Structure formats: C-alpha cells, structure tokens
Amino acid sequence: ENNHFQRSCCCNREVLASVWEFKETLKIISSLSVSPLALGLYTVNAIYGDTITMPCPLEVPDGLMFGKWKYEMPNGSPVFIAFRSSTKKNVQYDDVPDYKDRLSLSENYTLSIKNARISDEKRFVCMLVTEDDVSEEPTIVKVFKQPSQPEILHQANLLETEKLQMLGECVSRDSYPEGNVTWYKNGRVLHPVDDVVVINLQKIVDRTTGLFTMTSSLQYMPTKEDVNAKFSCIVTYYGPSGQKTIQSEPVVFDVHYPTEKVTIQVLPQSSTIKEGDNITLKCSGNGNPPPQEFLFYIPGETEGIRSSDTYIMTDVRRNATGEYKCSLTDKSMMDSTTITVHYLDLQLTPSGEVTKQIGENLPVSCTISSSRNATVFWIKDNTRMQTSPSFSSLQYQDAGNYVCETTLQEVEGLRKRQTLKLIVEGKPQIKMTKKTNTNKMSKTIICHVEGFPKPAVQWTVTGSGSIVNKTEETKYVNGKFSSKIVIAPEENVTLTCIAENELERTVTSMNVSAISIPEYDEPEDRSDDNSEKVNDQAKLIVGIVVGLLLVALIAGVVYWLYVKKSNDAKGKSEKAAAQNFPSLPRTASKHVDKDLGNIEENKKLEENNHKSET
C-alpha cells in the first residue's frame, strides 16, 4: 500500500474531482452543518467537549482499496490517525496519544472525534486510494468554548465621592477563542476618562486546556448621583453562529457623601394634630451615612435638646402649639416647622341620669369650646334630632337617652360626646271606656292608664256576670298603655280598675248595665290630638254653663229683693187705707190693696228692667 501511495502521488491531481463531484460533496457537507471557506476548504465548527464529526468530502470511487485520515502539523508534516480497508472491512487507528480512544471511522469514511479539545483545531485530510489514484480533500476544524458568566469580584465596601478608587474586577473564565470585557453603569457603556474611569484588561491562557480567562479591573470616581447606580460587565465572545454576549449580575455600591441639608418632619404625617396624640419629631440630613445625632429646639426652651434623629412627645396638649427646630450638633444647619394642637371641649348640663316629674321644667345646655368651628348635634335613642331639646313641661315621651355630640370636621378623630338619661315619672292616671261588641253578646271594658314607672293593673267586678276572656294589655309606649276585659253581665255590675306604681295607687270604677239593657257606648280611645280638641270643647262648654249659672243666681237674688220690698209696701198701704176709709168693708179694702200693690209692683218691675238693660 505504501508503494502504491508513492506511485499515486505522481499522478495528475487535476482529474481527482470533477464539477459534479464538487457539487455532490458540497450537498453532503451542507447537510452536516459544514461551511465552506473562501479558499475552497471546508470548516467544521465544534463545541468544546462535544463530538467532532467530519464527513469525507470525497465521493467514494469504484475500485476503492482503502481510506485514511491524517492531520497536518504546523510545519506541514502529516500524522496518520485512522485507516479503513474497503475489502477486509477492518479499521485501524494509529498510535497517536492525543487521539487514543477518541476516534471513530464509519463505513462512509466519516471521522468522529469525541470530547473536542482546543488542540483539535487542525487541518484534517481525508484520503481515498484506488489502484490507479489517490484522492485527498482537507477539512478545517474550529473549536469554540462559551465563557462562564462574568462575576464582579473584589468589590469595594463603599465608595466615597471625589475619590478615584478600585470598584472591582470583572472575571470571565474558560473562553475560546478569547473574549472582550465591557463595563456598564445603569445600562450604559463606561468609556475610559482620565482620573475618572480607568479600565485595565488582562487575558490569561491555560496551557493545559488552551482556554482563556479575561479579567477587567475598574477604577472609578463616584458622585452623589451614583447612589443606587447599577454596575455590571458584559463579555463578548465568538461561537459557531457568530458573536454573542454574557452579562454579569448588577452590583450596587454604597456611596458616601457629606450632609448638605437638614430637614425636620412631624410623624405621623397628618395634616392635623389633636390633644392626646403622640408626636414624633424626626430630623434627617441628606448625607450618606446620615447624621446620628441632632439638637431639637422646643417652644419655651432656650437650649437645644441633644437626641438621636427622633424626639417623641406623648399625649400632647394645646399648649404644645408652636415652632419646633432641629440642627446638626455643631449648629451649622437648621430646619423648622410649626405644630398646631387642636382641641375640643364639651360641657352638658345636666348630664348623667336625671329623674323629673311629669309637667316639670328642665333647662338643658350643651357648651362647646374648640380650636376651630365645631359642629354640634343631638341624638335621642340612637336617632339624630333636628333641633336641640327644650323641656318647659315634661311629658312621658320626653324620657330617653340624649347625647350631645360635637366634632371638628377638619380634624380626623376629634369627637366629644356627653349623655343625659332623662326619666319622667308620674302617678297613675286612669280613664275607663266601654262598648257593646257587634255580636251583642258581650261588652268590652277598657282601662286607659298613664304613669311611670309602669303601673300594675288589677280588675275587680261587683255583681253577677262572668269574664269572657283574660285581661289583655297593649304595648307600653311613652308612659301609656291600656288593659281591657270582655264581659257578658246578666245584670248591672260595677267594674273597678286599679293602677299602682311606686308613686301612688289609683282606683276608678264604672257601672255596666246588663247585656239586655241598651246603654250609651263610649268610644274606646282617642288620639292625643282629638283628646286635646275634646278637652278644649269641654272647657268651653263648662265655661258657658258656669256663666249661665252665675247669671241665673244674680237674677234670683234680684227677684228675691224685689219680692221683699213689695211685701213691705203692701203692709204700709193697708194701714193707710184703714185709717182713711174706716167705713169700707174688709173685702173692698183687700181689692184696693191688691190694685195698689199691682201698681207698685209694675213700677218696681219697670225700674228693675231699666237697671238690667243698663
């Protein structure tokens, strides 16, 4: 075979490949991700650690005796690594230490190299040998290794403004081919600037693996604007498909700068402060690190109070209103704020539990004192009242729980209230009514009761009859309720209603005729308005009757006086007639006296009538 190889080398190589053979070979290579080079060579791109697959670019000729693969040394000398006979079907691998146990040659003369290394970047040649000729076609192998994600190491603990100092080193390892490192701040490239941004890049190759490690150091002079700035670095490298990048995790550095301004705050940050609140004064400087101690100036105090960045006041009163200040301990910088403590006072007179008798007078006042105009309203039994209560003559419905409440609408949570529990007491008052039921078989007797505390009601019956049903009571509202019974009396009876509370015992009776005897049925009850109208009418009638009685009495007295005077005049006339006419009979004297008496009586009546008209 060696002799045949030497003879074949002398043959004309222009016949080794035709145009058609080139196109077919290119199709095979393209299907295997093999790219042609500008010089007519073919490149196989491999990933570090993966398997390199190199198809033989030549078409297998007829009469093939065997195929071989070799690679070329830098000085051009060949090194054979694999042999395959087409007749014996056996494969032999040359004793090359770098490729021991890594090679595989298939029947179509495709060479595979396991565990790709950087040292595998060579020019490999596929050789196909027949009795008449030797064909060769080279393939270039390129190996790529993606670098590790870059890290920012040896980071500065802090950065001080106006000082150039080492920020850190960006390190990316195990790259092939070598990459490049770029620094970024907040997503923008950091370009070198004298005495402000200084960047140095080092690339170190591992002699064993051939991989590169890139280290880029950054010296930087920060400013106050670099607070919370994000620094990162990006490695640019080449892979089988072209240029790619990997970015580090961003890093934020603590930037120190001096205090330029002092600020005082009131916490919590509420627009209003009321009595009883707790106030925290917080003083801060805009430096980093911020000042830890300050001087606080309180109204009425001439010297500042040394404290940390906070000063606490608990349960403040209205006299805490004023201007508050804070400064650095050297008094170089100062800030101030004004605090207004709002207040609200309420005085209800009377308050608590008050017991009065029905009809009494009760003056009520609710006095307000506040830092701003306050809103006052009254509540009775959980219902808001339209006007303030006024009690000139207490009634049962006036009893209840009264609340005088006031608020400052501009001050959240500033609300005061006081309560008055009014109790209106009264002795039991009774009114009885009766009516015949529609069935004409029974009568309903009702006892209307007023009083507080609620009176207890008892019924008694005098005479024959029976109680048809048990006593029923209505709901006790505003000191009033009623109790009723239904009876069917066989004869006239007397019903007695007894109402008793802690103040008095009241008894009222009513005569009820037998069910067979018709009688006037009284209405059960009237509303308060109707009752008032009836009472007014009754008063009017009583007044008229009393006036008539007085007139009749006066007329009777006048008539009695008139009769008395008439009798006296009659006696005197009879005596005068007897003296003047002694010879007249007695009967005639009587007639004369009668006539004279009538004359005198008429005169008296005329005089009295005249006086009455006057």
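The values are calculated or read from the model by the stated rules, or taken from the named source; none is laboratory data. Computed from a predicted model, the values in this text were never measured in an experiment. No Cβ is skipped: glycine too gets one built from the backbone with ideal geometry, and neighbour counts run over all protein chains shown. For accessibility, only protein heavy atoms count, side chains too; no ligands or nucleic acids. Shrake-Rupley method; radii C 1.70, N 1.55, O 1.52, S 1.80 Å.
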Tell me, what ³J(HN,Hα) does each residue in region 296-310 have, in order and in whole Hz, if you take phi through Karplus 6.51 cos²θ - 1.76 cosθ + 1.60 with θ = phi - 60° and put x for Gly and Pro?
10, 10, 9, x, x, 9, 7, 9, x, 9, 6, 7, 5, 6, 10
Given just the C-alpha atoms of region 44-121, how large is their convex hull per residue in cubic angstrom?
102
In region 350-450, taking the dipole from +1 charges on Lys and Arg beta carbons and -1 charges on Asp and Glu beta carbons about the Cα centre, the listed residue (Leu362, Leu408, Cys447) farthest towards the positive end is Cys447
Cross-link pairs Lys416/Lys454; Lys443/Lys475; Lys185/Lys261; Lys380/Lys434; Lys230/Lys331 - those with Cα-Cα distance over 25 Å:
Lys416/Lys454; Lys185/Lys261; Lys380/Lys434; Lys230/Lys331
Once the dipole of region 226-293 is set up with Lys and Arg at +1 and Asp and Glu at -1 on Cβ about the Cα centre, which of Thr272, Gly239, Ala229 lies farthest towards its positive end?
Gly239
With the Cα gyration tensor of region 96-230 in hand, give its eigenvalues times 5 under a square root as the equivalent ellipsoid semi-axes, listed largest first in whole angstrom.
50, 14, 11
Using +1 on the beta carbon of Lys and Arg, -1 on that of Asp and Glu, and nothing else charged, what's the dipole of region 142-296 about the Cα centre, debye to 20?
640
Accessible-area composition of region 52-102, carbon plus sulfur, in percent [1.4 Å probe]:
49
Could you provide, to the nearest whole Å², the per residue accessible area of region 190-265 with probe 1.4 Å?
57
Express in Å², to the nearest 10, the accessible area of Leu548 obtained by rolling a 1.4 Å probe over the protein heavy atoms while all chains stay in place.
110
Distance violations [Cα-Cα > 24 Å] among Lys68/Lys142; Lys100/Lys145; Lys68/Lys145; Lys100/Lys203; Lys100/Lys244:
Lys68/Lys145; Lys100/Lys203; Lys100/Lys244
3J(HN,Hα) from dihedral phi, region 235-250, Karplus parametrisation 6.51/-1.76/1.60, rounded to Hz, x for glycine, proline
9, 9, 9, 10, x, x, 9, x, 7, 9, 9, 9, 10, 7, 6, x
Would you mind checking the pairs Lys427/Lys484; Lys435/Lys480; Lys224/Lys274 and listing those with alpha carbons more than 30 angstrom apart?
Lys224/Lys274
Would you please name the trypsin sites (Lys or Arg not before Pro) within region 277-352 that are DSSP coil residues with at most 16 other C-beta atoms within 10 Å of their C-beta?
Arg317, Lys331
According to the square roots a ≥ b ≥ c of the eigenvalues of the Cα gyration tensor, what is the shape class of region 356-410, taking rounded for a/c under 1.5, prolate for a/b larger than b/c otherwise, and oblate for the remainder?
prolate
How big is the charge dipole of region 413-500 about its Cα centre, in debye rounded to the nearest 20, if each Lys and Arg gets +1 on its Cβ and each Asp and Glu gets -1 on its Cβ?
740
Kirkwood Rh over alpha-carbon pairs of region 383-450 plugged into Stokes-Einstein at 25 °C, 0.890 mPa s gives a D in µm²/s of 147
Given +1 on the Cβ of Lys and Arg, -1 on the Cβ of Asp and Glu, and no further charges, what dipole in debye does region 75-225 carry about its Cα centre, rounded to the nearest 20?
360
